[in-house]
Amino acid sequence: MCGIVGYIGHKKAYPILIKGLQRLEYRGYDSAGVALISEDGDLNVYKAKGKVSDLEACCEDKDISGCAGIAHTRWATHGEPNSTNAHPHYSASGRLALIHNGIIENYMTLKEKLVALGIPFKSVTDTEVLVQLIEHIMLSNELTLLEAVQVALHQVIGAYAIAILDRKHPDTIVCARQSSPLVVGLGADGDFYLASDASPIAEYTDKVAYLNDGDIAVLQPGKELKVVNIDNETQHPKVKQIDITLGQLEKGGYPFFMLKEIFEQPACLRDCMRGRINVGADRITLSAVIDYREKLINARRIIIVACGTSWHAGLIGKQLIESLCRIPVEVEYASEFRYRDPVIYPDDVVIAISQSGETADTLAAIELARRAGAFVFGICNAIGASIPRQTQTGVYIHVGPEIGVASTKAFTGQVTVLSMLALCLAHERGTIRAEHYKEMVRELTLIPAKLEKALESNEQIERLAPIFTYAKNCLYLGRGYNYPVALEGALKLKEISYIHAEGYPAAEMKHGPIALIDSEMPVFVIATRDHLYDKVISNIQEVRARGGRVTAIVTEGDTQIQKFADHIIVLPDTLECFQPIIASIPLQLLAYHIAVCKGKDVDRPRNLAKSVTVE
Ligand code: M6R
């Protein structure tokens, strides 16, 4: 939620900031703003409601000179999206400008004190409190900006990544983080970049420092990166090399990132398995399992914590791990788990799944699990994000940056990692026969080619999509491994087309939802060939008998279902437990094409943000 960018050095800041905001727009897009210290030494702030393009239009006739600036794209929490509430916020005297990602929980108390001192406020945001507090402390105690930030942050409760410009010190940006991500890029010319993730920085430098909670960084061109904490103790964040190509950050000829990411999946899953499955395709090696073998194979129980799509991947992981490793698995919404006072044993293994690695609820669930003494394992995509740094070990899914708000390749990457993990643990625990293990590993390596085949249904789905644009509600049904696929298909449709959709275990339908079925209600059934196939056919007949219109996702060679379904989409066959990876493809494409037919902004659906860094 909210994206932050900053630059200070010898280049013009404005173009770098605007490009950076475009890269971060997936984090929020209800308003945007930029602050620049001009060549004349003015501190100019420009803001606009809407997208980054609206900000650019607003800046057309403005002074955009200067080599130091900060910029922000907002996902509103406190105060409606308008240009007053947009960031950056000026301090009362106009000397400071500040941007913020996060939530200041005690902002009301702080604001009351500042208002009582006669300090005027323009917006209704929690963020403006920070800039007024910092300036008030700085002026009334004759402190430097860094000192004032340290004193102010002692009083602040909440989550923040902030960056501040001071008109009187145009050669400095001060920034700080607590529970919201912040990355500093170290340019070759002694210049500094700053962003919520590495994507706006990758174009200029591959050297980055991920700030840790409590870090305050002082960026001054030509000087060493200075990092201290609120008590002024020097900190040493590691400088890392990032490996993000520009092609990964651009649409590459596709109209939307989501479609590009759907089509990238075969290549992404090859990347995900590379180096982990050997050339002979009969062994999986995960370094996390080698390093923590005893802890993992002796787990009394596994608890998976995640949100949204990652939670759906967790439901598939549960079935894989229970059936292959015979370890009991619970799957929890991180947002519920963190507040539920759950029973956690020291010999539990908690697996946190997150694409972004920054989801606030998942981070809080990890903290709770660690406090209870459990071993915490992360499955994450964004390299260097908070979750991989706060878990004891883990596995990256390596599917490259996912920019479309609707998660696609991260989901199939997560299920692929969970498959490898389950197979690895089963092998180590001796709960799988050697031949079966080899057969499964071999089959997993064939999945990318099968995804290529599944993607051939794109044109058929594009032709089908207009039929469903009228729908107000849709039902997605699946059983066993395909039940989470139904949930995920419904979530995809909801979030980008705004059609209400529900995912349901097909057999549960007769306990309630069947009452909804009529000829107006499209029903999508995942009916691939597995041990529940005949039962799913019965469920389809129950829908048909009530006038429901069925689109079935079936396995190639199926001749039965076409008798009962209005439309069928054919997929390559695989083992039952890997079917979710393949069956997700047509559902992603369906959601995409329906949303496009309805004229929706697929990559930036209303009210959503890619990275949910507030609870
Ligand atoms: O980054 P995470 O995987 O932790 O994000 C979790 C959810 O916010 C995310 O999966 C969300 O549900 C997606 N928009 C779904 O497409």
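Below are the figures for this structure:
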item	result
From 470, 483, 437, residue being assigned to a helix (DSSP H, G or I) and closer than 30 Å to residue 601 by Cα	483
Qualifying position, being within 15 Å of residue 279 (Cα to Cα) and modelled with pLDDT of 95 or more, among 415, 441	441
In the stretch 317-331, the residues that are touching a residue at least 12 places away in the same chain (Cβ under 8 Å) and either away from the ligand (no atom under 16 Å from the Cβ) or on the phi > 0 side of the Ramachandran plot (or both)	318, 319, 320, 321, 323, 324, 325, 326, 327, 328, 329, 330
Residue count for the stretch 523-561, restricted to those that are touching a strand residue (DSSP E or B) at 6+ places or on another chain (Cβ under 8 Å) and within 24 Å of residue 581 (Cβ to Cβ)	21
Test: residue in the stretch 515-529 that is within 30 Å of residue 29 (Cβ to Cβ) and at pLDDT 90 or above	yes
Search result, residues across the stretch 29-83 that are touching a strand residue (DSSP E or B) at 6+ places or on another chain (Cβ under 8 Å) and of a type in the set (Ser, Thr, Tyr)	29, 31, 38, 46, 65, 73, 77, 83
Residue pairs meeting the criteria (Cβ under 6 Å; at least 6 apart or on separate chains; first in the same structural domain as residue 571 (by TED's automatic domain parsing) and farther than 15 Å from residue 507 by Cβ, in the stretch 527-549; second assigned to a loop (DSSP other than H, G, I, E, B) and among the hydroxyl-bearing types (Ser, Thr, Tyr))	547/519
Unmet requirement for residue 488, which otherwise passes all of (1) in contact (Cβ under 8 Å) with a residue 24 or more places away in the chain; (2) under 13 Å from residue 596 (Cα atoms)	(2)
Residues (of a type in the set (Ser, Thr, Tyr), within 16 Å of the ligand (Cβ to nearest atom) and surrounded by 21 or more Cβ atoms within 10 Å (Cβ to Cβ)) located in the stretch 482-502	497
Matching residues in the stretch 272-329 - criterion: being polar (S, T, N, Q) and either part of a loop (DSSP other than H, G, I, E, B) or not assigned by TED's automatic domain parsing to the domain that holds residue 345 (or both)	278, 285, 298
Top-ranked residue in the stretch 512-523 [being among the small types (Gly, Ala, Ser) and in a loop (DSSP other than H, G, I, E, B); ranked as farthest from residue 564 (Cα to Cα)]	512
Per-region count, the stretch 129-175, residues over 23 Å from residue 213 (Cβ atoms), among the acidic types (Asp, Glu) and out of contact with any helix residue (DSSP H, G or I) (no Cβ under 6 Å at 6 or more places or on another chain)	3
Whichever residue in the stretch 111-167 is over 23 Å from residue 226 (Cβ atoms) and among the polar types (S, T, N, Q) and, among such residues, is farthest from the chain's Cα centre (by Cα)	140
Test: residue 71 is touching a residue at least 40 places away in the same chain (Cβ under 8 Å), part of a loop (DSSP other than H, G, I, E, B) and at negative phi	no
Inter-residue pairs, beta-carbon under 6 Å, first more than 9 Å from residue 396 (Cβ to Cβ) and more than 11 Å from the ligand (Cβ to nearest atom) and in the stretch 374-385, second of a type in the set (Phe, Trp, Tyr) and modelled with pLDDT under 95, 6+ apart	384/210
Residues satisfying the stated conditions in the stretch 130-162, i.e. outside any helix (DSSP H, G or I), surrounded by fewer than 20 Cβ atoms within 10 Å (Cβ to Cβ), in contact (Cβ under 8 Å) with a residue 24 or more places away in the chain and of a type in the set (A, V, I, L, M)	157
Some residue of the stretch 503-523 being closer than 30 Å to residue 601 by Cβ, under 26 Å from the mean Cα position of the chain (by Cα) and surrounded by 20 or more Cβ atoms within 10 Å (Cβ to Cβ)	yes
Residue match in the stretch 551-568 (condition: surrounded by fewer than 19 Cβ atoms within 10 Å (Cβ to Cβ), closer than 21 Å to residue 454 by Cβ and in contact (Cβ under 8 Å) with a residue 60 or more places away in the chain)	yes
Residue list for the stretch 381-416, restricted to those being polar (S, T, N, Q), farther than 14 Å from residue 313 by Cα and in contact with a strand residue (DSSP E or B) (Cβ under 7 Å, 6 or more places away or on another chain)	391, 392, 393
Qualifying position, being closer than 25 Å to residue 12 by Cα, in contact (Cβ under 8 Å) with a residue 24 or more places away in the chain, surrounded by fewer than 24 Cβ atoms within 10 Å (Cβ to Cβ) and not assigned by TED's automatic domain parsing to the domain that holds residue 362, among 197, 191, 231, 213	191
Looking only at the stretch 294-313, and only at residues there that are free of Cβ contacts under 8 Å to residues at least 60 places away in the same chain and not acidic (Asp, Glu), the one that is nearest to residue 584 (Cα to Cα)	311
Extreme residue, nearest to residue 298 (Cα to Cα), among residues of the stretch 332-359 that are in contact (Cβ under 8 Å) with a residue 40 or more places away in the chain and near the ligand (Cβ under 9 Å from one of its atoms)	352
Residues that are within 16 Å of the ligand (Cβ to nearest atom) and surrounded by fewer than 24 Cβ atoms within 10 Å (Cβ to Cβ), drawn from the stretch 396-448	396, 398, 400, 401, 403, 405
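Quick grid of which residues meet (1) acidic (Asp, Glu); (2) within 16 Å of the ligand (Cβ to nearest atom); (3) not in a helix (DSSP H, G or I):
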| residue | (1), (2), (3) |
| --- | --- |
| 525 | no, no, yes |
| 536 | no, no, no |
| 550 | no, no, yes |
| 565 | no, no, yes |
| 584 | no, yes, no |
| 588 | no, yes, no |
| 593 | no, no, no |
| 605 | no, yes, yes |
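The values are calculated or read from the model by the stated rules, or taken from the named source; none is laboratory data. Note that this is a predicted model, so its numbers are computed, not measured. Cβ: placed from backbone, ideal geometry, glycine included. Neighbour counts: every protein chain shown.
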